[in-house]
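Data block below; observations after.
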Amino acid sequence: MRHAFWNSVKDSQWQSWVWQQQNRIKSLSQLEKILELTPSERLGVVKATQFRMAITPYYASLIDPSDPACPIRRQCIPTDKELNSQTYDVEDPLAEEAHMPVPGLTHRYPDRALLYVSHHCPVYCRHCTRKRKVSDPRTAPHPQSYEKAFEYLRKTPEIKDVLVSGGDPLSLSDVRLAEIFKTLRKIPHIEIIRLSTRNLVTLPQRVTENLIESLKPYQPIYVHTHFNHPKECTLESKHAIDRFVNSGFVVNNQMVLLRGINTDPEVVKRLNLTLLRMRIQPYYMIHCDLASGLSHFRASIDDGLRILKSLRGRVSGMAIPHYVVDLTPGGGKVALTPEAVLSRKGSAWRFKNYQDKVFDYHDPEFHDLGDGV
Ligand SMILES: *Cc1c(COP(=O)(O)O)cnc(C)c1O
Ligand code: SF4
């Protein structure tokens with residue numbers, strides 16, 4: 001799939017991530033060559049410049065030019081609504097900067113830490129929670145600051161799991177990435193390494209054989225990606241996912257719940273079933289957080305619960321993500337589920353199932369069991 005504007009581009013260029021990166025849409029005049037903008041979009045592109053605009057030709061080609069509400073378009077083209085600020089909006093809702101023992105590393109949970117290795121992304125998602133720093137080259141982490149982060153990880157044996165994040169880590173070269181993963185893998189108490197990337201969605205061409213070969217020695221590696229809509233599940237994405245999965249990486253998805261983009265239960269169902277077929281496990285459905293300028297994307301928590309209720313019992317449990325709200329400021333993630341317990345009296349529980357039918361359950365009388373013999 002390709003927008004007519006790029007029809008004369010050779011296939012070999014179109015399939016090259018370098019070409020895609022170099023030909024990203026970054027200005028109003030480039031954008032107006034492929035789409036007719038709404039007044040709100042034009043204002044957004046001109047005024048909402050603190051968080052840059054960039055769109056790969058690949059991702060731009062997924063836009064339906066005749067639909068101003070197109071879910072791809074809404075995710076990558078700024079509007080003047082980004083300039084709105086609401087009562088509860090804050091710059092850094094997850095208090096990621098406050099929980100930094102050293103620059104470039106957030107340590108919130110006892111056994112996990114998040115390492116920021118790049119502030120660049122192929123496409124800047126308008127709903128990005130880190131828009132306070134992502135896309136701004138002045139705030140990008142320095143290789144010297146990684147050393148401090150590695151030092152901290154080495155002397156903190158409670159940390160078993162490191163999320164390599166950003167921005168998008170795949171904005172770094174294969175060589176640089178391999179160095180980072182190699183350094184982490186040498187720390188004996190680190191068991192799990194995760195790679196958080198949206199390249200599978202916005203620039204799947206980036207997942208080359210060379211990238212896979214560069215990271216493969218440092219397994220187990222879990223890839224967290226970020227599909228929000230079934231329109232993003234293309235053949236190109238599938239090809240990139242296959243490369244990871246066929247080489248033993250585990251890939252899962254963190255969808256962000258976005259008003260008007262994926263608040264329709266049918267859309268979420270289709271997305272998660274499609275991802276399962278592509279061998280991605282839906283992991284999280286994340287409530288859009290309180291970062292400034294995102295209010296127009298925010299759904300209500302009732303919307304989220306309604307979506308979960310529509311899935312439970314009707315699709316495989318494997319297609320049902322955890323619905324999480326990441327609490328401000330820095331309270332961490334809490335998981336919400338639609339209420340299934342109607343009442344409880346001592347050992348007597350009353351439940352309602354996915355069809356709203358009522359069932360009773362009694363706990364066994366544990367006091368007779370002693371030590372279980
Ligand atoms: C989400 C997050 C993690 C990882 O949490 P999981 O629930 O294990 O996926 C780790 N650190 C920070 C700061 C996070 O926001
Ligand atoms: S890929 Fe992630 S870090 Fe980059 S702009 Fe999108 S949401 Fe933000």
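Summary table below
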{"item": "Any hit, the stretch 172-187, residues being part of a helix (DSSP H, G or I) and within 15 Å of ligand 1 (Cβ to nearest atom)", "result": "yes"}
{"item": "Long-range neighbours under 7 Å by Cβ, at least six apart or interchain, first residue over 14 Å from LEU203 (Cβ atoms) within the stretch 234-250, second open to solvent by 30 Å² or more (accessible area, probe 1.4 Å) and not in a helix (DSSP H, G or I)", "result": "VAL245/ARG279; GLY248/GLN219; VAL250/TYR222"}
{"item": "Checking SER135 against (1) of a type in the set (Gly, Ala, Ser); (2) in a helix (DSSP H, G or I); (3) at positive phi, the condition it does not meet", "result": "(2)"}
{"item": "Candidates LEU200, LEU211, LEU184, LEU170, filtered to the one that is touching a Pro at 6+ places or on another chain (Cβ under 9 Å) and touching a residue at least 24 places away in the same chain (Cβ under 8 Å)", "result": "LEU170"}
{"item": "Subset tally (residues that are in contact with a strand residue (DSSP E or B) (Cβ under 7 Å, 6 or more places away or on another chain) and charged (D, E, K, R)) for the stretch 186-226", "result": "3"}
{"item": "Subset of the stretch 76-117 [part of a strand (DSSP E or B) and touching a strand residue (DSSP E or B) at 6+ places or on another chain (Cβ under 8 Å)]", "result": "VAL90, LEU105, THR106, ARG112, ALA113, LEU114, LEU115, TYR116"}
{"item": "Single condition THR79 does not satisfy, out of (1) over 18 Å from TRP6 (Cβ atoms); (2) within 15 Å of ligand 2 (Cβ to nearest atom)", "result": "(2)"}
{"item": "Single match in SER316, SER310, SER247, SER237 (criterion: small (Gly, Ala, Ser) and within 16 Å of ligand 2 (Cβ to nearest atom))", "result": "SER237"}
{"item": "Residue, farthest from ligand 1 (Cβ to nearest atom), within the stretch 141-171, restricted to residues that are in contact with an Asp or Glu (Cβ under 7 Å, 6 or more places away or on another chain) and open to solvent by less than 60 Å² (accessible area, probe 1.4 Å)", "result": "ILE159"}
{"item": "Single match in ARG126, ARG73, ARG52 (criterion: in a loop (DSSP other than H, G, I, E, B), open to solvent by less than 20 Å² (accessible area, probe 1.4 Å), among the basic types (Lys, Arg) and more than 16 Å from ligand 1 (Cβ to nearest atom))", "result": "ARG126"}
{"item": "Boolean, PHE244 is in a loop (DSSP other than H, G, I, E, B) and crowded, with 22+ Cβ neighbours inside 10 Å", "result": "no"}
{"item": "Test set (1) in a helix (DSSP H, G or I); (2) open to solvent by less than 40 Å² (accessible area, probe 1.4 Å); (3) within 20 Å of LEU258 (Cβ to Cβ) - ILE63 fails condition number", "result": "(1)"}
{"item": "Every residue from the stretch 247-261 that is outside any strand (DSSP E or B) and open to solvent by less than 40 Å² (accessible area, probe 1.4 Å)", "result": "SER247, PHE249, LEU258, ILE261"}
{"item": "Strands (runs of 3 or more DSSP E) wholly inside the stretch 278-373 that include at least 3 residues being among the small types (Gly, Ala, Ser), open to solvent by 30 Å² or more (accessible area, probe 1.4 Å) and at pLDDT 95 or above", "result": "none"}
{"item": "Filter pass, ARG138 being in contact (Cβ under 8 Å) with a residue 12 or more places away in the chain and either touching a Leu at 6+ places or on another chain (Cβ under 8 Å) or open to solvent by 20 Å² or more (accessible area, probe 1.4 Å) (or both)", "result": "no"}
{"item": "Filtered residues of the stretch 319-332 (kept if out of contact with any helix residue (DSSP H, G or I) (no Cβ under 6 Å at 6 or more places or on another chain), more than 16 Å from ligand 2 (Cβ to nearest atom) and of a type outside the set (Ser, Thr, Tyr))", "result": "PRO321, HIS322, VAL325, LEU327, PRO329, GLY330, GLY331, GLY332"}
{"item": "Leading residue by the ranking (least open to solvent (accessible area, probe 1.4 Å)) among those in the stretch 106-123 that are more than 16 Å from ligand 2 (Cβ to nearest atom) and within 20 Å of the chain's Cα centre (by Cα)", "result": "ALA113"}
{"item": "Some residue of the stretch 193-203 being assigned to a helix (DSSP H, G or I), under 14 Å from HIS120 (Cα atoms), modelled with pLDDT of 95 or more and among the β-branched types (Val, Ile, Thr)", "result": "yes"}
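The values are calculated or read from the model by the stated rules, or taken from the named source; none is laboratory data. Keep in mind the model is a prediction, meaning the values are calculated, not measured. All Cβ positions, glycine included, derive from the backbone under ideal geometry; neighbour counts span all protein chains shown. We work out accessible area using only protein heavy atoms, side chains counted, and drop any ligands, DNA or RNA first. Shrake-Rupley method; radii C 1.70, N 1.55, O 1.52, S 1.80 Å.
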